[in-house]
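To start, the structure itself, in structure tokens.
The values are calculated or read from the model by the stated rules, or taken from the named source; none is laboratory data. Only a predicted model underlies this, so the values are computations on that prediction, with no experimental measurement involved. Reconstructed Cβ throughout: ideal geometry from the backbone, glycine too, with neighbour counts over all protein chains shown.
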Amino acid sequence: MSSKKLLAVVLVGALGAAACGANDQKPSGDAAAKPDKGGTLRVLSESRTLNFDPAKSQSLAITTLGLVHRRLTGWQNAVGQPAKVVPDLGDTGKTTDGGRTWTFVLQDGLKFSDGTPITSADVKWGVERSFAPAFGGGLGYHKDLLGGADYKGPFEGKELDSIETPDPKTITFKLTRPYGDWPWIASTPAFAPVPKGKGAEPDYQEHAIASGPYQIQTYTKGVEVKLSRNPNWDGSKDQVRAGLPDEVVFQLGQDASVVSQRLAADSGDDQFAFGASFASPAQLAQLQANASAKSRVVTSKSGAVAYVALNTQKAPLNDVKVRQAFQYAVNRSAYQIASAGTAALAGDAATTLITQGIEGREQFDLYPSKPEGDPDKAKALLAEAGFPNGLENLSLVLNKSNNQTEKAEAIQAALARANIKVTLRTLEADAFETETNLSENPTYDLTLSSWQPDFPSANANIQPLFATSEIGKGGYNISRYSNPEVDKLIEEAQSTVDPAEAGKKWAAIDKRILQDSPVVPLIYTRNSFIHGSKVGNFFIADFPAYPNYLQVGISK
Amino acid sequence: MRYALTRLGGMVLVLLIVAFCTFVVFYLVPSDPALLACGKPCTPENLALAREFMGFDEPWWQQFLTFLGGIFTGRTFGTGATAIHCAAPCFGYSFRQNTDVLELIGDRLPVTFSLAIGAAVLWVVAGVAIGVLAALRKDTWFDRVALAGSVIGVSAPVYLVGLLGILVLGFQLDVVPVGNYTAFADDPVRWAWGLVLPWCVLAFAHGAHYVKLTRSQMLETMSEDFIRTARAKGVPERTVVGKHALRNVLLPVVTLTGIEFGSLLGGAVITERVFSLPGLGGLLIEAVHNRDLPTLLGCTLFSGFLVVVANAVVDLSYGVLDPRARLT
Amino acid sequence: MSTPVARSVPAAIRSVLARDRWALAGTVTVVVIGLVAIFADVLTAIEGHDPYTYDATALDPATGLPAGSFGGISAEHWFGVEPLTGRDLFAIVVHGARTSFLIGLAATVVSIALGLLIGAAAGYLGGWADRVITWTADVFLGFPYLVFMIALGAVVPAEFPRALLLIVVIGFFGWPSTARIVRAQVLTLKDRNFVKAARVLGASPWQIFRTELLPNLWGPVLVMATLSVPGKIGLEAALSFLGVGVLPPTPSWGRSISAAIDWVQVDPVYLLIPGLALFAVTWGFNALGDGLRDALDPKSVTKR
């Protein structure tokens, strides 16, 4: 019948493809090519919206938003080094009272794309603007520290008293408590300047006034965003942006697998393009067969820590012995395979909370076992805790948008080896967040999550996930871990200004928390990206696990 | 006239019910659409502000009435300099996409229509033609192949045929492009070429119904008295088939087309996912995943609107095609 | 006199199977896969794998693809294994048949029962009730039910059995098409003498429905049921395909097909096997249903 014929056709086709892959020995000398100034860089993005409104953005300092907006401070990252805070619009800040008051001085002669000078008042306006309800959704670590609980933004005519601008070059922040990481906070999107008095319209993101190397030339909703050079950007005053291409074009709403196909084929404009989303395991397996494409896949050395969070406030997981059993019950090897096919593409097994590439991180393993885990030890611990027959009916909630099904099933299968029976419950992204982050009395026992700090400090690894203040009410302490001793240590470490000293404190906290086993770290998730053959200087530093958009250029 | 008014009233009522049900179902979902505007970290104060701004702080029935009101009078979110205006007819404002919902639908509609109209033309024409031929050549090999093919077409899920099509024709043989949509206005040739595979796949799956329907209807009609009379009178066979029989056959075909066209959006959800086309179905799924209630309501209402209009068109065409129906 | 069609149903099935090779082939397919679904546990025990256990040794360590060619088909794994997990595809497909049959058949029962009752009520009672029902059916037919089911999947708590939810939802949205046909049948039956006689004798509408109408509806209902099973199975697969059907790790053809999309170029077998299984079942029911219709529908006797 015709279905049989179809099968034959497909099988022959598959063989053909395999044969092609083996013979495909294209020379791949393009990796060494250094990028020059000029050309058009293309970014193929799955997303349909591109947000250039700093108040609404959660963008890292080295990706999309950074092409258009500068911030008070910037990140310098390189392969083999922890990320450092460096001057951007201003210096890296000074404090005279142990971290409570911070003063930054702006460089001379900075201009917006419309030619007007960038002053401290514009930076202040940008920060104030992030408090307006109409411009929510961005990173808001500064809000609480600036004491803006009742402040609703500058459009109602009020200023934020905790920010002072004594002259056009100086800006001073008076915080509610000492905070050593404030220079890092000043590198978050809200610290990009917005010309004072502007930016009241809801579509500001489509024509934002630029301070970086590029300005928004055209913004076609859902289709394309074209960035062209900002004539008023001075490269000599910017140490974090290379500004190599003449134009950057974002193509929106691209299907991820199609992007992978196109970039692997490397023809026409796609030679000058890279994909903004991670290559999936299936795509990676496919790229293995194509030597040219394989050479153009860049995989990060490390990345966000993936973990199983254990609801420490719900029986039976309120017992530390039970929680420790989970450290041995998981199978990190199966998890690696389920997430990327191989350990090398998935990332190293994780045993600490602080991610690689962060200043002060210490490597340790409180619960050593094989990569496959140790179900017998887990069973023994459970028996000690009074559960000789294992655990029944635990609920593991999943965030659907994170594509976690295979990974969660790997966890489910691994725990079953230790007689821990788990049911999976998949929720849509914000239903998931409502359950894990907002609910007073959530019903989940376990959840799968991953965390990449929003700025390169151990503080951003630990405080959002483990401070008592972050339970429910929108915080990310989804293991609902509350330990007054740890809270006190966190507060001390946060108020330490010297990064080296603070780093030591954070490493100690990392160990202390894991003794209580509120989460089971799984892997430091690697991200893989693919780029066209004419894209140069496409690297991923130790932190964050994303390419540095600001340094990428086109090679001739 | 009275009929037309009742009809119109019925249509509006259908749409109201569809909107209401969507609203209620999505209200039962334990989630908070204001979360997306809350930021990270999201404090309860910020969340309350976001809710108020987006109009999610009112009780649900109030929100539903506000939504209905917006259709006639337009809406304004927030106050002062930062307020967002959504002009009448306002079918809501998607905070997720920062756009008026009507505009979003308008942006995606051409893709879905290109897909549906192209495929429908193909499947109706091919399906009816094959069905008529099969009936006229009953029990020949052509008839058998057509019947067997139509059973396969009816049985194979669209996404399976689509995926196989992509695999074989798109990737292995590389004869048709995959995952490329070009707007008609930009380049009509590339537009059509990019849609060839989806059209054929849809036509294969849907056309099968038409083959079966046309064939059986045709056989039935050909055995009826008026055909025999016409033949007895010496009317040429071509006229008998073309003028008398076909007209009778078209009636159920029109009904089926109407119904299928009305449920276009439901089908688009799957087809557009398989072929990665940026149409309304995709918008709908994105809206469900993002819990983008305004967009979802707009899409659902629009989908209901299509059904209602399609049904009305079917009824009207009955009058044209079937003289008997005109009297009632 | 009152049950002319009902008596002929088994006879009609026999004659269809004897005369119509396609219908026979369809029936055999359906029965075989039905038996596979029933004896899924036995079959997987013979093969020696279950659909849940991860097995990294069956995978190519360099890519996470099944080790060996053709998706890892071997004496050990008859249909190969899933990429990334190494779970046995034969076990998954065989247990997936169980999911498909259970949901498809049960949902059909729900929708046919509802359609029968509602359609008969509309046709028999007529007037106001008829108008409301017909109109409601129109609304339902135009309802974006996929969207609705997706939404319901998110609302209903995980403790609620997923299969039951799917059965109820798919069944519920399926009644209008059955009701339409039943209504049309009842309209013609209503004016027949035996129904009129029963009414004159003072039988209640429920009695008339049970004793006079129902026996005459079995034929068309059976045809409709057979023809709507593949649609229901397909809908379950489509919902699972969209990620809102049965929950993992319960095997489902639709979910496997959806997962296989990404792998279609490097591991086409992963798509083909669940895809062919789904196709075979739908085709079997359609072929059987077509044959039954030809046999039971007096108008179509001339057609073959």
- [ ] Could you list all residues from the stretch C:52-90 that are among the aromatic types (F, W, Y) and farther than 21 Å from A:T405 by Cα?
- [x] C:F70, C:W78, C:F79
TODO: Look through B:G78, B:G92, B:G70, B:G170 and report the one residue that is touching a Phe, Trp or Tyr at 6+ places or on another chain (Cβ under 6 Å) and either surrounded by fewer than 21 Cβ atoms within 10 Å (Cβ to Cβ) or more than 25 Å from C:S228 (Cβ to Cβ) (or both).
DONE: B:G78
- [ ] May I ask you to list pairs of residues, at least six apart or on different chains, whose Cβ atoms are under 6 Å apart, with the first in the stretch B:96-123 being within 24 Å of B:C200 (Cα to Cα) and in contact (Cβ under 8 Å) with a residue 60 or more places away in the chain and the second being surrounded by 20 or more Cβ atoms within 10 Å (Cβ to Cβ) and small (G, A, S)?
- [x] B:R108/B:G279; B:V111/B:G279; B:T112/B:A268; B:T112/B:G279; B:A119/B:A203; B:L122/B:A203; B:W123/B:A203; B:W123/B:G207
- [ ] Test A:T443 against the stated conditions and say whether it is in contact (Cβ under 8 Å) with a residue 12 or more places away in the chain, of a type in the set (V, I, T), away from chain B (no Cβ under 14 Å) and in contact with a strand residue (DSSP E or B) (Cβ under 9 Å, 6 or more places away or on another chain).
- [x] no
Open item on the list: Criterion first (at pLDDT 75 or above and either among the small types (G, A, S) or within 16 Å of B:A120 (Cα to Cα) (or both)) does B:T257 satisfy it?
Closed with: yes
Open item on the list: Taking the criterion of being surrounded by fewer than 20 Cβ atoms within 10 Å (Cβ to Cβ) and closer than 27 Å to A:L424 by Cα, would at least one residue in the stretch C:273-282 satisfy it?
Closed with: no
Task: Selected residue (only one of C:T85, C:T53, C:T134, C:T44 is out of contact with any His (no Cβ under 6 Å at 6 or more places or on another chain), among the polar types (S, T, N, Q) and crowded, with 24+ Cβ neighbours inside 10 Å) - done: C:T85
TODO: Only one of these is buried (at least 22 other Cβ atoms within 10 Å of the Cβ) and either free of Cβ contacts under 8 Å to residues at least 12 places away in the same chain or aromatic (F, W, Y) (or both): A:F538, A:F455, A:F529. Name it.
DONE: A:F455
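For every residue, the table says whether it meets (1) modelled with pLDDT of 80 or more; (2) more than 7 Å from chain A (Cβ to nearest Cβ).
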site: B:V18; (1), (2): no, yes
site: B:L28; (1), (2): no, yes
site: B:L36; (1), (2): no, no
site: B:P44; (1), (2): no, no
site: B:A50; (1), (2): yes, no
site: B:F53; (1), (2): yes, no
- [ ] Among residues belonging to the stretch A:227-243 that are crowded, with 16+ Cβ neighbours inside 10 Å and without any contact (Cβ under 8 Å) to a residue 24 or more places away in the chain, point out the one that is nearest to A:R42 (Cα to Cα).
- [x] A:S228
Task: Checking C:D294 against (1) surrounded by fewer than 24 Cβ atoms within 10 Å (Cβ to Cβ); (2) of a type in the set (D, E, K, R); (3) facing chain A (nearest Cβ under 10 Å), the condition it does not meet - done: (3)
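Here's the yes/no breakdown for (1) of a type outside the set (D, E, K, R); (2) in contact with a helix residue (DSSP H, G or I) (Cβ under 9 Å, 6 or more places away or on another chain); (3) surrounded by fewer than 20 Cβ atoms within 10 Å (Cβ to Cβ):
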position: C:L59; (1), (2), (3): yes, yes, no
position: C:T63; (1), (2), (3): yes, yes, no
position: C:G68; (1), (2), (3): yes, yes, yes
position: C:G72; (1), (2), (3): yes, yes, no
position: C:V94; (1), (2), (3): yes, yes, no
position: C:L102; (1), (2), (3): yes, yes, yes
position: C:L116; (1), (2), (3): yes, yes, no
position: C:G127; (1), (2), (3): yes, no, yes
position: C:L152; (1), (2), (3): yes, yes, yes
Task: Options A:E392, A:E435, A:E372: the member that is charged (D, E, K, R) and either in a loop (DSSP other than H, G, I, E, B) or in contact (Cβ under 8 Å) with a residue 60 or more places away in the chain (or both) - done: A:E372
Open item on the list: Out of everything in the stretch B:57-93 that is among the polar types (S, T, N, Q) and in contact with a strand residue (DSSP E or B) (Cβ under 8 Å, 6 or more places away or on another chain), what residue ends up being farthest from B:V24 (Cα to Cα)?
Closed with: B:T76
Task: Total residues in the stretch A:377-399, condition of a type outside the set (G, A, S), surrounded by fewer than 20 Cβ atoms within 10 Å (Cβ to Cβ) and in contact with a Phe, Trp or Tyr (Cβ under 8 Å, 6 or more places away or on another chain) - done: 1
Open item on the list: Looking only at the stretch A:230-254, how many residues end up being among the hydrophobic types (A, V, I, L, M, F, W, C) and not in a loop (DSSP other than H, G, I, E, B)?
Closed with: 3
Task: Count of the stretch C:183-212 residues which are charged (D, E, K, R), under 20 Å from C:T134 (Cβ atoms) and over 28 Å from the mean Cα position of the chain (by Cα) - done: 2
Open item on the list: Just the residues that are outside any helix (DSSP H, G or I) and surrounded by 10 or more Cβ atoms within 10 Å (Cβ to Cβ), please, taken from the stretch C:186-208.
Closed with: C:R192, C:A203, C:S204
- [ ] Specify the residue that is farthest from the other protein chains (Cβ to nearest Cβ); the eligible residues are those in the stretch C:235-287 that are assigned to a helix (DSSP H, G or I) and in contact with a Lys or Arg (Cβ under 8 Å, 6 or more places away or on another chain).
- [x] C:S240
